[in-house]
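The values are calculated or read from the model by the stated rules, or taken from the named source; none is laboratory data. The shown structure was predicted, so the numbers you read here are calculated from the model rather than taken from an experiment. Cβ coordinates were reconstructed from backbone atoms using ideal geometry, including for glycine residues, and neighbour counts include every protein chain displayed.
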Amino acid sequence: MELRNLELSRLFPIIAFATLLTAMTAVVMGGVVRVTGSGLGCPDWPLCHGSVIPPWELSPWLEYTHRLSAAVSGIFTFIMTIVAFKLYGRLNIYTYLVLLASILLMIQAILGAYTVLSELRPIIALIHTAVGTSLIGVLTIIAAITLKPTWIQQGVSVNSQLHRFKYLMAVLGVATFILIISGAYVTRTEGAPLACAGMPFCGISIGNMVEIQWIHMIHRSIGLAVGILMCVILVRSISMQHASIIAAICLMTTLLAIQIGLGIGNVMLGLPMAVRAMHLVTGMMFFTVVMFLTANLWHDMPKT
């Protein structure tokens with residue numbers, strides 16, 4: 001029994017990381033479906049145009065690939081849940097988190113089906129995005145506390161600033177989640193993506209702005225807030241002189257800079273499909289890295 005548990009304990013981090021990758025693939029493919037307007041590429045569910053194999057057209061295949069990636073993610077989540085219960089029992093942070101991930105996945109599947117059957121009702125589609133992003137966050141936390149990277153722990157015990165730094169990281173995680181959802185809301189609102197043609201402002205006076213322009217500018221404002229917070233965190237990380245965390249923060253800063261650049265490119269270039277897709281992928285990568293570092297700082301850091 002002990003040998004079996006040892007094997008499972010070595011296997012679980014791999015399963016957790018694989019589950020995260022499959023879930024990210026599903027969420028990113030869902031975003032690609034959204035930005036390419038392929039949400040009704042398969043107007044029925046679970047089949048596509050009444051067939052197991054979709055028609056040989058781009059839109060149905062994008063939607064169907066999203067469904068297949070979600071199914072693979074579901075299989076990995078189920079395996080991870082079984083292994084977690086066998087390895088850790090019922091009352092453990094790992095089992096609580098994998099149960100939460102399983103529940104989010106089931107809700108996500110139901111919302112995905114309802115999104116199609118309701119012909120992309122905006123509010124349902126937006127909740128679908130929010131649940132999918134939450135699932136990525138939970139799976140990232142599971143992967144982070146399971147992998148337990150030693151590079152974060154080195155020097156932590158002699159650096160008291162990290163205990164305040166972790167709160168900034170938690171705020172950044174929440175702010176990034178809100179930014180992703182606000183971006184999805186812009187995408188789901190007809191006319192909002194190109195409602196503001198000017199940079200950095202909307203191009204017209206505040207008094208003349210209408211609802212879709214306010215929706216667009218609120219997303220930009222949240223992005224600005226995240227950018228300012230990221231600069232504060234970068235400065236704090238440098239002052240702490242923790243090489244590994246500085247490297248992680250530099251990676252986040254780079255991803256956010258690319259994300260902002262792609263957002264500007266979306267507006268200035270008229271929402272080209274490739275730029276919109278990369279904007280989404282980079283945003284999800286940024287959120288994942290933020291949650292990975294935050295989870296490690298909160299889970300394993302010595303208490304003072």
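Among the residues of region 232-256, what is the count of those that are touching a helix residue (DSSP H, G or I) at 6+ places or on another chain (Cβ under 6 Å) and among the polar types (S, T, N, Q)?
Number satisfying all stated conditions: 3.
Check region 188-201 and report whether any residue there is free of Cβ contacts under 8 Å to residues at least 24 places away in the same chain, in a loop (DSSP other than H, G, I, E, B) and out of contact with any helix residue (DSSP H, G or I) (no Cβ under 9 Å at 6 or more places or on another chain).
no
Among the residues of region 250-278, how many are farther than 23 Å from GLY203 by Cα and touching a residue at least 40 places away in the same chain (Cβ under 8 Å)?
3
Go through region 249-274 and report how many residues are in contact with a Leu (Cβ under 6 Å, 6 or more places away or on another chain) and buried (at least 20 other Cβ atoms within 10 Å of the Cβ).
1
Residues are listed down the side, and each one gets a yes or a no for (1) touching a Pro at 6+ places or on another chain (Cβ under 8 Å); (2) among the polar types (S, T, N, Q); (3) in a helix (DSSP H, G or I):
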| position | (1), (2), (3) |
| --- | --- |
| VAL28 | no, no, yes |
| GLY31 | no, no, yes |
| GLY37 | no, no, no |
| ARG67 | yes, no, yes |
| ILE75 | no, no, yes |
| LYS86 | no, no, yes |
| GLY112 | no, no, yes |
| GLY132 | no, no, yes |
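Only residues in region 206-220 that are assigned by TED's automatic domain parsing to the domain that holds PRO193 count as the first member; pair them with residues that are assigned to a helix (DSSP H, G or I) and aromatic (Phe, Trp, Tyr), Cβ under 7 angstrom, at least 6 apart or cross-chain, and list the lot.
Short answer, once both residue conditions are applied: ILE215/TYR185.
How many residues does region 82-102 hold that are free of Cβ contacts under 8 Å to residues at least 24 places away in the same chain, within 17 Å of SER134 (Cβ to Cβ) and in contact with a helix residue (DSSP H, G or I) (Cβ under 8 Å, 6 or more places away or on another chain)? Write out each step before concluding.
We begin by selecting, within region 82-102, every residue free of Cβ contacts under 8 Å to residues at least 24 places away in the same chain; these are 82, 85, 88-92, 95-96, 99.
Narrowing the set further to residues that are within 17 Å of SER134 (Cβ to Cβ) leaves 96, 99.
Now drop any that are not in contact with a helix residue (DSSP H, G or I) (Cβ under 8 Å, 6 or more places away or on another chain), which leaves 99.
Within region 82-102, residues that are free of Cβ contacts under 8 Å to residues at least 24 places away in the same chain, within 17 Å of SER134 (Cβ to Cβ) and in contact with a helix residue (DSSP H, G or I) (Cβ under 8 Å, 6 or more places away or on another chain) number 1.
Can you confirm whether region 64-83 contains a residue that is surrounded by 14 or more Cβ atoms within 10 Å (Cβ to Cβ), within 20 Å of the chain's Cα centre (by Cα) and farther than 23 Å from LEU139 by Cα?
No, region 64-83 contains no residue that is surrounded by 14 or more Cβ atoms within 10 Å (Cβ to Cβ), within 20 Å of the chain's Cα centre (by Cα) and farther than 23 Å from LEU139 by Cα.
Report, by residue number, each residue of region 233-246 that is surrounded by 13 or more Cβ atoms within 10 Å (Cβ to Cβ) and assigned to a helix (DSSP H, G or I).
Applying the first criterion (surrounded by 13 or more Cβ atoms within 10 Å (Cβ to Cβ)) to region 233-246 yields 233-234, 236-238, 240, 242, 244-246.
Passing the criteria: ILE233, LEU234, ARG236, SER237, ILE238, MET240, SER244, ILE245, ILE246.
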